[in-house]
Amino acid sequence: MSGNRCKRKEILDVIENDARLNPKQIAAMLEMEEDEVVRIIKEMEEEKIIAGYFTVINWDKVGEEKGSAIIEVKITPQRDLGFDAVAMRICRFPEVKTVRLMSGAYDLVVYIEGQTMREVAAFVTQKLASMEHVLSTATHFVLKTYKLQGALVSEDGEEDRRLMITP
Amino acid sequence: MTDTTDWKHKINPLVLGIQPSGIRRFFDLVAEMKGVISLGVGEPDFVTPWHIREACMYSLEKGYTMYTSNQGLLELRQAIARNLSAAYGVSYNPHHEILITVGVSEGLDLSFRTILCPGDEVLIPEPSYVSYAPVTVMAGAKPVFLKTSPENGFQISAEMVEKAITPKTKALILCNPNNPTGATLDRERLLEIAEVIRARDLIFISDEIYGRLTYVGEHTCVPALPGMRDRTILLNGFSKSYAMTGWRVGYAAGNQDFISAMTKIHQYTMLCAPVTAQAAALEALRNGGSGMKKMVDQYNRRRHLVIQAFHEMGLPCGEPRGAFYAFPDIRSTGLSSEDFAQQLLQEEKVAVVPGNAFGEQGEGFVRCSYSASINDLTEAFKRMNSFLRRKARKGKVLTFAPGENEIKKEDICQTM
Ligand SMILES: Cc1ncc(COP(=O)(O)O)c(C=O)c1O
């Protein structure tokens with residue numbers, strides 16, 4: 001791997017699970033210059049390698065009603081454009097959080113989040129299912145979240161149980 | 001006749017003479033406080049990887065709840081033999097040359113009891129792991145300390161070993177990488193030491209529990225050095241490299257005559273290591289490699305953060321090259337290591353371990369473990385920094401002059 005590519009990967013490794021680390025900390029951890037870290041991160045943001053920074057929120061705990069669902073979507077691919085054009089149309093709805101092309105029994109998996117279940121249902125029937133080139137949809141509502149983006153969200157997390165001082 | 005017993009006169013004087021661990025004393029102090037960030041922990045901050053825990057549960061479901069053979073599960077010994085051979089090119093016969101122990105702790109105790117006679121001497125680097133000297137004493141032998149310091153990079157040398165040898169010397173114990181200093185010995189240095197051990201017909205007890213946590217250069221496994229396999233007792237375990245401290249499992253590998261003598265004590269005092277832990281250790285060796293590498297990478301990144309933090313604080317600290325400890329020099333504050341640790345705890349709620357817990361040579365230093373989250377490390381260093389500034393202002397500090405006294409990052413790397 002070239003120097004720059006290697007450094008990019010190292011930075012990504014470090015921030016993948018903690019977006020709050022600042023360039024100074026990252027630089028120290030990877031033995032780089034702070035300026036260089038800032039520059040490489042900016043490059044990766046511009047190239048959409050880093051697509052955003054989010055907070056992993058367990059909305060269940062906030063007590064706010066949030067409806068979310070995973071929808072399997074079958075579509076007819078279009079000449080020259082394949083699945084991409086339809087996928088992109090779906091992507092542009094703000095309530096759609098994740099869209100992926102899949103192998104197997106259906107084509108796209110769409111993860112959607114709305115304020116309520118009713119809203120989610122309305123989106124599927126009115127927007128998604130009726131969209132041109134969409135053949136069929138199968139909607140699975142989310143009932144409970146156990147793990148989110150690599151983090152356990154249940155009560156019974158693994159807190160630090162070590163003694164304060166050990167040899 | 002009386003109802004009270006004078007235990008002072010009943011207890012073996014050897015045991016009576018052993019000082020309670022300095023770490024223990026400090027622990028009692030810390031235990032009473034709230035909101036403390038602890039850099040005093042000598043174990044991984046990761047919990048055991050899930051696949052290892054899950055394999056243990058599966059073994060329980062299958063009914064693995066019995067004693068194993070005294071030597072431990074053969075499958076585990078075979079996996080250890082394969083692992084040592086692949087990693088270091090040293091081969092052991094899993095049938096006669098490996099004993100599964102209850103942690104390196106039991107391995108240490110058994111090794112010493114197997115070889116030591118009253119009056120024998122054991123060479124022990126200082127500072128080093130808290131158990132070596134007491135275990136030597138309890139085996140009736142005498143610890144002889146090889147004093148290391150920042151001047152020699154906390155590394156022992158062949159010359160030091162040679163000088164300390166008397167007709168009574170039986171063995172050298174070495175922990176590489178070292179707890180508490182994080183110092184490592186490279187192959188060259190070990191070859192020189194091994195040469196002396198061979199020439200003087202001594203035993204080399206090699207505690208390589210932190211071997212996998214080596215960040216600069218490669219770890220050298222002592223029995224893999226020419227001519228050393230037969231006279232080395234290799235002690236290792238799963239506690240540090242696989243984040244398995246609470247499972248209590250480790251192993252000793254060495255010459256068949258030695259291992260079978262050691263197994264005699266083990267069979268009458270321990271019977272066998274816990275079967276649950278043995279099943280977990282087997283899974284660790286089979287599938288734990290990539291998980292371990294990720295943990296090692298994380299320690300290494302934190303290590304860099306720690307080096308930089310001490311550099312910015314102006315506390316001299318040799319580059320720690322292994323384990324997960326840094327051992328900064330706090331002499332410039334004018335405080336003893338116990339006072340430093342106690343005041344830092346009381347004023348800033350940061351726990352570090354006074355260096356003298358690891359022997360006299362540790363006086364003037366404190367052990368800071370970087371087996372803690374980045375958040376905790378960052379906050380702890382912020383607090384430590386304001387502690388140091390305050391001490392400097394109060395004029396307590398003899399030579400401490402931030403900025404002036406500061407060592408350069410380049411120097412850090414060269415001092416060890
Ligand atoms: C150098 C050294 N050896 C041995 C041990 C004990 O290890 P185990 O958990 O395998 O008994 C420790 C634990 O802190 C250690 O630091």
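The values are calculated or read from the model by the stated rules, or taken from the named source; none is laboratory data. Here the structure is a predicted model, which means the values were calculated and not measured. Cβ sites come from the backbone with ideal geometry, for glycine too, and all protein chains shown count toward neighbours. Keep in mind that these areas ignore ligands, DNA and RNA; they rest on the heavy atoms of the full protein, side chains included. Shrake-Rupley method; radii C 1.70, N 1.55, O 1.52, S 1.80 Å.
Please state which of the following conditions B:Arg286 fails to meet, knowing it meets all the rest: (1) more than 16 Å from the ligand (Cβ to nearest atom); (2) under 22 Å from B:Ile115 (Cβ atoms); (3) more than 21 Å from the chain's Cα centre (by Cα).
Condition not satisfied by B:Arg286: (2).
Just give me the residues in region B:81-111 being open to solvent by 10 Å² or more (accessible area, probe 1.4 Å) and of a type in the set (S, T, N, Q), in sequence order.
B:Asn83, B:Ser85, B:Ser91, B:Asn93, B:Ser105
If we keep just the residues of region B:318-336 that are touching a helix residue (DSSP H, G or I) at 6+ places or on another chain (Cβ under 7 Å) and within 14 Å of chain A (Cβ to nearest Cβ), which is nearest to B:Ala351 (Cα to Cα)?
Restricting to residues being touching a helix residue (DSSP H, G or I) at 6+ places or on another chain (Cβ under 7 Å) and within 14 Å of chain A (Cβ to nearest Cβ), the top hit is B:Ala326.
Results for (1) outside the structural domain of B:Ser371 (by TED's automatic domain parsing); (2) more than 20 Å from the chain's Cα centre (by Cα), shown as yes or no for each residue.
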site: B:Val41; (1), (2): no, no
site: B:Lys62; (1), (2): yes, yes
site: B:Tyr92; (1), (2): yes, yes
site: B:Thr101; (1), (2): yes, no
site: B:Ile124; (1), (2): yes, no
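Restricting attention to region B:331-377, which residues are among the β-branched types (Val, Ile, Thr) and assigned to a loop (DSSP other than H, G, I, E, B)?
Result: B:Val352, single match.
Name the single residue that is least open to solvent (accessible area, probe 1.4 Å) among those in region A:35-72 being in contact with a Leu (Cβ under 9 Å, 6 or more places away or on another chain) and within 30 Å of A:Gln126 (Cα to Cα).
Filtering region A:35-72 for residues that are in contact with a Leu (Cβ under 9 Å, 6 or more places away or on another chain) and within 30 Å of A:Gln126 (Cα to Cα), the one least open to solvent (accessible area, probe 1.4 Å) comes out as A:Ile71.
Give me the residue from region B:101-122 that is within 16 Å of the ligand (Cβ to nearest atom) and part of a strand (DSSP E or B) and, out of that set, farthest from B:Pro20 (Cα to Cα).
Selected residue: B:Thr101.
Quick grid of which residues meet (1) in contact with a Pro (Cβ under 7 Å, 6 or more places away or on another chain); (2) more than 14 Å from every other protein chain (Cβ to nearest Cβ); (3) of a type in the set (D, E, K, R); (4) within 16 Å of the ligand (Cβ to nearest atom):
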position: B:Ala199; (1), (2), (3), (4): no, yes, no, no
position: B:Glu208; (1), (2), (3), (4): no, yes, yes, yes
position: B:Val216; (1), (2), (3), (4): no, no, no, no
position: B:Leu225; (1), (2), (3), (4): no, yes, no, no
position: B:Asp230; (1), (2), (3), (4): no, yes, yes, no
position: B:Leu235; (1), (2), (3), (4): no, yes, no, yes
position: B:Ser241; (1), (2), (3), (4): no, yes, no, yes
position: B:Asn255; (1), (2), (3), (4): no, yes, no, no
position: B:Ser260; (1), (2), (3), (4): no, yes, no, no
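Cβ-Cβ distance below 8 Å, separation of 6 or more or different chains: which pairs start in region B:236-253 with a residue that is surrounded by fewer than 24 Cβ atoms within 10 Å (Cβ to Cβ) and end on one that is part of a strand (DSSP E or B)?
Close Cβ pairs (under 8 Å, with a partner that is part of a strand (DSSP E or B)) amount to B:Ser239/B:Gly250.
Scan region B:237-268 for residues that are closer than 13 Å to B:Arg77 by Cβ and in contact with a Gly (Cβ under 8 Å, 6 or more places away or on another chain) and jot them down.
Across region B:237-268, the qualifying residues are B:Val249, B:Gly250, B:Tyr251, B:Ala252.
Among the residues of region A:133-165, what is the count of those that are assigned to a loop (DSSP other than H, G, I, E, B) and of a type in the set (Val, Ile, Thr)?
Number satisfying all stated conditions: 4.
Name the pairs whose Cβ atoms lie under 9 Å apart, with the first residue in region A:1-28 and open to solvent by 60 Å² or more (accessible area, probe 1.4 Å), the second among the small types (Gly, Ala, Ser), and 6 or more positions between them or separate chains?
Cβ pairs passing all conditions: A:Glu16/A:Gly150; A:Asn17/A:Gly150; A:Asn17/A:Ala151.
Got a number for residues in region B:19-53 being in a helix (DSSP H, G or I) and either more than 7 Å from chain A (Cβ to nearest Cβ) or surrounded by 15 or more Cβ atoms within 10 Å (Cβ to Cβ) (or both)?
Result for region B:19-53: 13.
Going by the conditions given, is B:Asp297 assigned by TED's automatic domain parsing to the domain that holds B:Pro320, modelled with pLDDT of 95 or more and over 19 Å from the mean Cα position of the chain (by Cα)?
Taking the combined requirement at face value, the residue satisfies it.
Of all residues in region B:8-18 being assigned to a loop (DSSP other than H, G, I, E, B) and β-branched (Val, Ile, Thr), which is nearest to the other protein chains (Cβ to nearest Cβ)?
By that ranking, first place goes to B:Ile18.
Which residue is farthest from the ligand (Cβ to nearest atom), if the candidates are limited to region B:299-322 and must be small (Gly, Ala, Ser) and closer than 18 Å to A:Leu30 by Cα?
The selected residue is B:Ala309.
Could you pull out every one of the helices (runs of 4 or more DSSP H) wholly within region B:230-319 that has 1 or more residues that are among the aromatic types (Phe, Trp, Tyr)?
B:256-269, B:289-313
Looking at B:Ala133, B:Ala86, which is the one that is at negative phi and either more than 15 Å from the ligand (Cβ to nearest atom) or polar (S, T, N, Q) (or both)?
After applying the criteria, what remains is B:Ala86.
Out of region B:63-93, which residues are under 16 Å from B:Arg212 (Cα atoms) and part of a loop (DSSP other than H, G, I, E, B)?
B:Gly89, B:Val90 - these are the residues of region B:63-93 that are under 16 Å from B:Arg212 (Cα atoms) and part of a loop (DSSP other than H, G, I, E, B).
Collect the residues in region B:149-177 that are within 21 Å of B:Leu110 (Cα to Cα) and open to solvent by 20 Å² or more (accessible area, probe 1.4 Å), keeping them in residue-number order.
Of everything in region B:149-177, those that are within 21 Å of B:Leu110 (Cα to Cα) and open to solvent by 20 Å² or more (accessible area, probe 1.4 Å) turn out to be B:Lys168, B:Lys170.
Within region B:320-368, which residues are in contact with a Lys or Arg (Cβ under 7 Å, 6 or more places away or on another chain) and among the acidic types (Asp, Glu)?
If the condition is that a residue be in contact with a Lys or Arg (Cβ under 7 Å, 6 or more places away or on another chain) and among the acidic types (Asp, Glu), then B:Glu348 is the only one that fits.
From (1) more than 14 Å from every other protein chain (Cβ to nearest Cβ); (2) farther than 27 Å from B:Pro354 by Cβ; (3) within 16 Å of the ligand (Cβ to nearest atom); (4) out of contact with any Lys or Arg (no Cβ under 7 Å at 6 or more places or on another chain), pick out the condition that doesn't hold for B:Lys62.
The failed condition is (3).
Can you tell me which residue within region B:65-78, out of those that are open to solvent by less than 30 Å² (accessible area, probe 1.4 Å) and within 18 Å of B:Gly254 (Cβ to Cβ), is farthest from the ligand (Cβ to nearest atom)?
B:Arg77
Please list, ordered by residue number, the helices (runs of 4 or more DSSP H) wholly in region A:1-111 having 1 or more residues that are within 14 Å of chain B (Cβ to nearest Cβ).
Correct list: A:3-15, A:23-30, A:34-46.
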